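J.: The structure under discussion is supplied below as structure tokens; questions concerning it will follow.
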Amino acid sequence: MDQGDSARALVTLAGVAKRYATGTLALRDVSLAIGEGGFLALLGPSGCGKSTLLRMIAGLVAPSQGDISWPGGAAASRDIGFVFQEPTLMPWATALANVALPLELAGMPRREAEARAAAMLARVELKGFEKAYPRALSGGMRMRVSIARALVTRPRLLLMDEPFAALDEITRFRLNNDLLDLWQEERFTVVFVTHSVFESVYLAQRIAVMAARPGRITAELPIGAPYPRGEVFRTSAAYAAQCREVSLALEAAMAARAA
Amino acid sequence: MMEEAPTRLGLTVEGWTRLLAPLLIGVAVLGLWEGIVRWKGIPPYVLPGPVLIAETLVKDWGPLSASLLVTLKVTALALLIAATLGLALAVLFAQSRVVELSLFPYAVILQVTPIVAIAPLIIIWVDDITLSLLICAWIVAFFPILSNTTVGLNSTDHNLLDLFRLYRASRWQVLWRLRLPTAMPFFLAGLRISGGLALIGAIVAEFVAGTGGSASGLAYRILEAGFQLQIPRMFAALVLVSATGIAIFLALSLASHLLLRRWHESAMGRGERR
């Protein structure tokens, strides 16, 4: 398939469907290979089941049909990091305690967990904010804490559910760049849910375009631009062309729904 | 980032207003009261003036403070037991929906039945008068804590619950690290309501127990003074009851503020809000 899949698949979805108790078919026949070390974006309108799909990969929602398999071994929970649309931090805990949480839940002694959490906070440029409570942090900083918490266990797979949708554009661009830097250095696998064509093209190696009612994947497009991508890429003709291509695919997906 | 708001002991204009305005009203009302009593020549057995009440409070401080201590003991103990049992039962409710559904209606019955009506029964059934007072005070103090804490434990952010699930947190970890901290502000709000209620429960029970009991709380002093037509002393005891209620409320508010100020909206100064 595409370049992101030249490596072996970390997770494979085969014929996955989700029907809710109400009878609504949220997802229909989704097959997808998530290549190890790749950056995959799930792009679609709201209500297309992309968040449900992400939660299924995380094991938080069980599929009604089909299989989700991990060719390289069982889905150890510590191999997954999850970033929600909201920062979803514990307001009563400091930034450090929030980031240390996954390690402490796994039974790591507090001192070691906090040392690792402090190092991770430094990686997301929040050195000096260890003792700050979430309410004292800006929206962008809270999201950084959330990303640090997701990465502190050194997961192989990072799942992100529209993480930057609530942020202003300047903050979003910065976090986009920082996320790409982290991904380049740590080489974890990313599945990034978004409803922004521009964000998906800027970030991803591969974009799965989804349609709604029922949710399904209608197209998979590779984004060939090399990394590191920066502001030069964001303003380039190549970027514009890719955005146009993806926009058309999304439009086709929406039209397919109406038909 | 974490500086305290400069509102400690009313350093700001807002703080001074908050402190002085009610104080001024209080002084004015007391002055008016004293003036009318003197001007009209109202006898002290009908309505004593504030000065006479204050004098009686000082003169009779010995027996009054002893009674205050008795009432305070019952109140504090009842509140402690209500807090402990309320919290424990709420945790049990949070762990099992069946237990909650089967027990909660009875907690409601306990709450809606007027304490004045059941206090005589409790006093008859329980030999020990202090214990019966304790039970009455506990009954009224229990429900707000139980009900508030139950709501709190069920208010957990579902995304955070998912996160805990993702990391395979045990039931105990979810309770201890997520549900209980979420419920904390709710529990403290319940505690503040229950503090005043425990005092009322203790006083009501003392009234019902009457002068026959061996315990001699503040209500007993009020009854006794009423029988002896020592109205200034009755008022003095009443002042003590109110002061105790206010003190309990302030103490619990302060405790709540200290526990929540670093993270909860309710405990934040205005300037700190984002």
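Just so it is clear, none of the values below were taken in a lab; they were calculated from the coordinates. The structure displayed is predicted, hence computed values, not measured ones. Note that each Cβ is placed from the backbone with ideal geometry, even for glycine, and that neighbours are counted across all protein chains shown.
J.: In nm, to one decimal, how far is the modelled label at B:Val46 from the one at B:Arg168, with both set 7 Å along Cα→Cβ?
T.: Taking the simple label geometry, B:Val46 and B:Arg168 are separated by 8.2 nm.
J.: Ok, one more. For helix A:169-186, report the angle its Cα long axis makes with the longest principal axis of the Cα atoms of chain A; keep it between 0 and 90° and round to the nearest 10°.
T.: Roughly 80 degrees, rounded to the nearest 10.
J.: Averaging sequence separations of C-alpha pairs under 8 Å and six or more residues apart, then dividing by the length of segment A:168-259, give the relative contact order as a whole percent. Numbers along the way, then the final one.
T.: On the way: 73 pairs, mean separation 26.0, N = 92.
Reported as a whole number, the value is 28 percent.
J.: Let me ask something additional. Determine, from the Cβ-Cβ distance of A:Ala256 and B:His257 and an R0 of 60 Å, the FRET efficiency 1/(1 + (r/R0)^6), rounded to the nearest 0.05.
T.: Numbers: r = 57 Å, r/R0 = 0.95.
Efficiency computed from Cβ-Cβ geometry: 0.55.
J.: Using only Cα atoms, find the angle between the long axis of helix A:110-123 and the longest principal axis of chain A, and express it within 0 to 90 degrees, rounded to the nearest 10.
T.: In chain A, helix A:110-123 runs at an angle near 60 degrees to the longest axis.
J.: Give me the compactness ratio for segment A:101-180, meaning the Cα radius of gyration over 2.2 N^0.38 Å.
T.: Values: Rg = 12.9 Å, N = 80, 2.2 N^0.38 = 11.6 Å.
So the Cα radius of gyration is 1.11 times the expected 2.2 N^0.38 Å.
J.: Eigenvalues of the Cα gyration tensor times 5, then square-rooted: what semi-axes does that give for the protein assembly as shown, in whole angstrom, largest first?
T.: On the way: eigenvalues 816, 140, 76 Å².
In descending order the semi-axes read 64, 26, 19 Å.
J.: Sticking with this structure for a sec: Under 12 Å Cα-Cα from A:Lys50, which aspartates and glutamates qualify once same-chain neighbours fewer than 8 residues away are excluded?
T.: A:Asp161, A:Glu162
J.: Okay, next question. Compute the projected area of the convex hull of the Cα atoms of chain A, averaged over all viewing directions, and report it in nm² to one decimal place. Provide the component values of the computation, followed by the final result.
T.: Numbers: hull surface 56.9 nm².
The orientation-averaged projected area of the Cα hull of chain A comes to 14.2 nm².
J.: Report, for the protein assembly as shown, the % of DSSP beta bridges that are antiparallel, rounded to 5.
T.: Numbers: 17 of 36 bridges.
Within the protein assembly as shown, antiparallel bridges account for around 45 percent of the total.
J.: Report the extension gain between A:Arg174 and A:Ser69 in nm, rounded to one decimal, defined as 0.36 nm multiplied by the number of residues separating them, less their alpha carbon distance.
T.: On the way: separation 105, 0.36 × 105 = 37.80 nm, distance 3.40 nm.
Taking A:Arg174 through A:Ser69 to full extension adds about 34.4 nm, to one decimal.
J.: With r defined as the distance between the Cβ atoms of B:Val99 and A:Ala106 and R0 fixed at 41 Å, what FRET efficiency is calculated, to the nearest 0.05?
T.: Values: r = 30 Å, r/R0 = 0.74.
E(calc), rounded to 0.05, equals 0.85.
J.: Oh, and also: Grab the Cα-Cα distance for B:Val126 and B:Trp16, subtract it from 0.36 nm times how many residues apart they are, and report the gain in nm with one decimal. Before the final figure, lay out each step's value.
T.: Numbers: separation 110, 0.36 × 110 = 39.60 nm, distance 4.95 nm.
Taking B:Val126 through B:Trp16 to full extension adds about 34.6 nm, to one decimal.
J.: Once label points are set 7 Å from the Cα along Cα→Cβ at both A:Ala62 and B:Val29, what is their separation, rounded to one decimal in nm?
T.: Output for this residue pair reads 6.3 nm.
J.: Going by alpha carbons, how many degrees (0 to 90, nearest 10) lie between the helix axis of B:97-112 and the longest principal axis of chain B?
T.: 10 degrees
J.: Something else: Can you give the Rg to Rh ratio of segment B:45-260, both from alpha-carbon atoms, with Rh computed by the Kirkwood formula? Write out the running numbers ahead of the final one.
T.: On the way: Rg = 20.7 Å, Rh = 18.9 Å.
Ratio of gyration radius to Kirkwood radius for segment B:45-260: 1.09.
J.: In straight Cα distance, which lysines are under 24 Å from B:Lys73, not counting same-chain residues fewer than 8 positions off?
T.: Partners found: B:Lys59.
J.: If you don't mind, there's one more thing I want to ask. For B:Asn154 and B:Trp39, what is the calculated FRET efficiency with R₀ set at 45 Å and r taken between the beta-carbons, to the nearest 0.05? Display every interim value, and only then the final one.
T.: Numbers: r = 59 Å, r/R0 = 1.30.
After rounding to 0.05, the efficiency reads 0.15.
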